[in-house]
Amino acid sequence: MQAHSLEEALENPQHVTSLVLSGQELTRVPAKIWKKLSHLESLDLSYNQIKKLPAGLSALTELRRLQLSFNQITGIEENLLGLLPKLKHLDLRNNRLRQLSLASTSLESLDVSENRLKGVAPVQLFCPELLHLNLSSNKLGLLSFEEADFPQLQYLNLARNRIQELPMLPASLYALVVNHNRLSKLNLRGRNLPQLQRLEIAHNPIELKVNALDALPNLSYLDVRYTPTSWPGLNALLHKLPQLRHLYGGISRKLQDQISGFLAEVPASVVPAQKEVFFKLWQGFAAGPVPVEQLWSCLNDAWHPTIQIGAYYELLRKYPARYGQLRSRTWYFYGQPAGDSEKLRERLDKAGVTLTSQLEEANGVLLGSSFTGDLPCPTSPLIVLEERLLTQWLDRQEKRFLTHSRERSQIGNMERLLKAHDDATFQLGIQMLRAQGTPDDLIPILLDKWLHTEKANRQNWSDILFPYLPGDLQVAIHNQDRIQAFPARRGKVGSWWKILQKA
């Protein structure tokens, strides 16, 4: 039972386990609390004017949580906590403590932030079960901790102090916050910190080098904003910190924007070399000298769609096929085409294009847009043609006159059919496109309608839109919710990407 006043608690003292006396302008702890409410498990005395803790509090042997924040406490008897055998959480935030000496074999969380702790070693603690320690916003200059003082510690916050050198840190530490200090060196090398995953050292004068992080193999969150850094390059950082998921500072703002989503999306299990390739593709698709087999391996729905789009674009840019090569080579269809696969194979056979089901027999690849499952990776560079260009070529061979039409009167008539408010007129336009092909001038209308139409009402006309779209745009449409930033494209194709961005 929880009570919000002393009077309410004293009406039924045997059943009260939680007492909240916050903001009641108390100048001392009422004696009735330990005399009449010995079963208390939680006591909240925050936002009062208490200056001293009486020895009588030691009678609360069942107490687990003690809230004393925003008072005027100047000191605590060293043995007081030792007489509270079940105390787990102590909050002394925003008081007037100048020294702190505590010993407790049960305490797990201690908050002494925003006090007046100042100088060298004003804090002496022996808390072997302590997990969470907050000493931020004081004026601490030097701390002399020993690992044995709290061997279980997981979170240590020393932010906004005057610390020039880190104390001895326990191997169990999970998060270390030392923002806004005066660190002259990090001094972590040679220390055993295998569990540390979060490090915040923003606003320090230290010149941080990547080698200083050698002792942190599992670091996943690093904040070095407004701290001078000397990185040999982002790729080296990814090699040094393979588990890194969040990085703030130490790189340019442009690179920061690119990497913020990347590290959060790529699994930590990916090896650094593969992660380098992924990031090059993520940056904007100018991937540079990426091994061709790694580009093919990125065409996999297991990876983030931005990586798939980058690999798709790079393959087309580096190994483009020409129409004249269609009948002179043997082709392998890689991935799932946007159109009906059986009908497409029939059209290719009729046009005299040779297909094979064995990748090693092919010397050309026709790219689909859906890459499900484990697809084989070519071991040597092969020329590549995407489905959009293949569809346009087939339309020309079959004399579908609309695909390549430039006549404004024909295009205008089709626009009126596709923009009609009644479904029957729209479907008439669909039938004409299915018979005569889809020109690029009509794609903006179809794409906009697709993005603003219910899923059940648009599947029956996907065959006149998706085979005419670039494959990387198709990947983006099917994964729109997962993509944070769309690539920059120019010209006609760029206008289609902008329609997707505005959807």
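The values are calculated or read from the model by the stated rules, or taken from the named source; none is laboratory data. This structure is a prediction, so every number in the text was calculated from the model and none was measured. Cβ: placed from backbone, ideal geometry, glycine included. Neighbour counts: every protein chain shown.
Can you confirm whether region 393-408 contains a residue that is under 40 Å from the mean Cα position of the chain (by Cα), surrounded by 12 or more Cβ atoms within 10 Å (Cβ to Cβ) and under 30 Å from Q294 (Cβ atoms)? No, that holds for no residue.
In region 28-61, the qualifying residues are those that are within 43 Å of the chain's Cα centre (by Cα) and more than 15 Å from L92 (Cα to Cα), and the one that is surrounded by the most Cβ atoms within 10 Å (Cβ to Cβ) is L40.
Filtering R400, R396 for residues that are part of a helix (DSSP H, G or I) and at pLDDT 90 or above leaves a single hit, R396.
The set of residues from region 226-257 being surrounded by fewer than 17 Cβ atoms within 10 Å (Cβ to Cβ) and touching a His at 6+ places or on another chain (Cβ under 9 Å) comprises just one member, Y226. Of the residues examined, S144 is not one that is within 27 Å of the chain's Cα centre (by Cα) and either within 16 Å of E200 (Cα to Cα) or surrounded by fewer than 21 Cβ atoms within 10 Å (Cβ to Cβ) (or both).
Each row is one residue, and each column tells you yes or no for (1) of a type outside the set (D, E); (2) out of contact with any helix residue (DSSP H, G or I) (no Cβ under 9 Å at 6 or more places or on another chain).
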| site | (1), (2) |
| --- | --- |
| L375 | yes, no |
| D395 | no, no |
| G412 | yes, yes |
| Q427 | yes, no |
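The set of residues from region 472-486 being over 16 Å from W450 (Cα atoms) and either of a type in the set (F, W, Y) or crowded, with 17+ Cβ neighbours inside 10 Å (or both) comprises D472, I483, F486. If you filter region 258-289 down to residues that are part of a loop (DSSP other than H, G, I, E, B) and crowded, with 19+ Cβ neighbours inside 10 Å, you find that the one that is modelled with the highest pLDDT is V266. Scanning region 293-309 for residues being of a type outside the set (D, E, K, R) and in contact (Cβ under 8 Å) with a residue 60 or more places away in the chain gives a total of 9. At least 1 residues being of a type in the set (D, E, K, R), within 25 Å of V271 (Cα to Cα) and out of contact with any Pro (no Cβ under 7 Å at 6 or more places or on another chain) is the threshold, and among the strands (runs of 3 or more DSSP E) wholly inside region 291-393 not one reaches it.
Within region 160-176, the set of residues being surrounded by 21 or more Cβ atoms within 10 Å (Cβ to Cβ), aliphatic (A, V, I, L, M) and farther than 19 Å from P217 by Cβ comprises I163 only. On the stretch given as region 241-270, residues that are hydrophobic (A, V, I, L, M, F, W, C) and under 17 Å from A311 (Cβ atoms) total 3. Based on what the data block shows, is L186 touching a helix residue (DSSP H, G or I) at 6+ places or on another chain (Cβ under 8 Å) and either farther than 26 Å from S69 by Cα or free of Cβ contacts under 8 Å to residues at least 60 places away in the same chain (or both)? So L186 fits the description; yes. Determine if region 235-243 includes at least one residue that is farther than 20 Å from V178 by Cα, modelled with pLDDT of 80 or more and part of a loop (DSSP other than H, G, I, E, B). Checked region 235-243: at least one residue is farther than 20 Å from V178 by Cα, modelled with pLDDT of 80 or more and part of a loop (DSSP other than H, G, I, E, B). From the residues in region 336-354 that are out of contact with any strand residue (DSSP E or B) (no Cβ under 9 Å at 6 or more places or on another chain) and not hydrophobic (A, V, I, L, M, F, W, C), which one is nearest to P470 (Cα to Cα)? It comes out as G339.
Can we say G352 is at positive phi and surrounded by fewer than 19 Cβ atoms within 10 Å (Cβ to Cβ)? In short, yes.
The single condition from (1) in a strand (DSSP E or B); (2) closer than 24 Å to T17 by Cβ that P85 fails is (1).
Contact map, region 477-503: residues that are farther than 23 Å from Q459 by Cβ paired with residues that are aliphatic (A, V, I, L, M) and surrounded by 11 or more Cβ atoms within 10 Å (Cβ to Cβ), Cβ distance under 7 Å, separation 6+ or inter-chain. Pairs shown: F486/A476; F486/L500; P487/I309.
Report, by residue number, each residue of region 147-159 that is over 13 Å from A121 (Cβ atoms) and crowded, with 17+ Cβ neighbours inside 10 Å. Those that are over 13 Å from A121 (Cβ atoms) and crowded, with 17+ Cβ neighbours inside 10 Å: F150, L153, Q154, L156, N157, L158, A159.
The C-beta contact set for region 228-245 (first residue within 12 Å of V270 (Cα to Cα), second residue basic (K, R) and assigned to a helix (DSSP H, G or I), distance under 7 angstrom, 6+ apart or interchain) comprises L238/K275. Within region 13-25, residues that are in a loop (DSSP other than H, G, I, E, B) sit with their Cβ atoms under 7 Å from residues that are crowded, with 16+ Cβ neighbours inside 10 Å and small (G, A, S), at 6+ positions apart or across chains, in these pairs: V16/A3; V16/A9; T17/S42; S22/S46. Restricting the first member to region 367-387 and to residues that are surrounded by 13 or more Cβ atoms within 10 Å (Cβ to Cβ) and at pLDDT 90 or above, and the second to residues that are assigned to a loop (DSSP other than H, G, I, E, B) and of a type in the set (S, T, Y), the beta-carbon pairs closer than 7 Å and six or more apart or on different chains are L382/Y319; I383/Y319; V384/Y319; E387/S369.
Of the strands (runs of 3 or more DSSP E) contained entirely in region 88-202, those carrying at least 3 residues that are on the phi < 0 side of the Ramachandran plot fall at 89-91, 100-103, 109-111, 123-126, 132-134, 139-142, 155-157, 175-177, 198-200.
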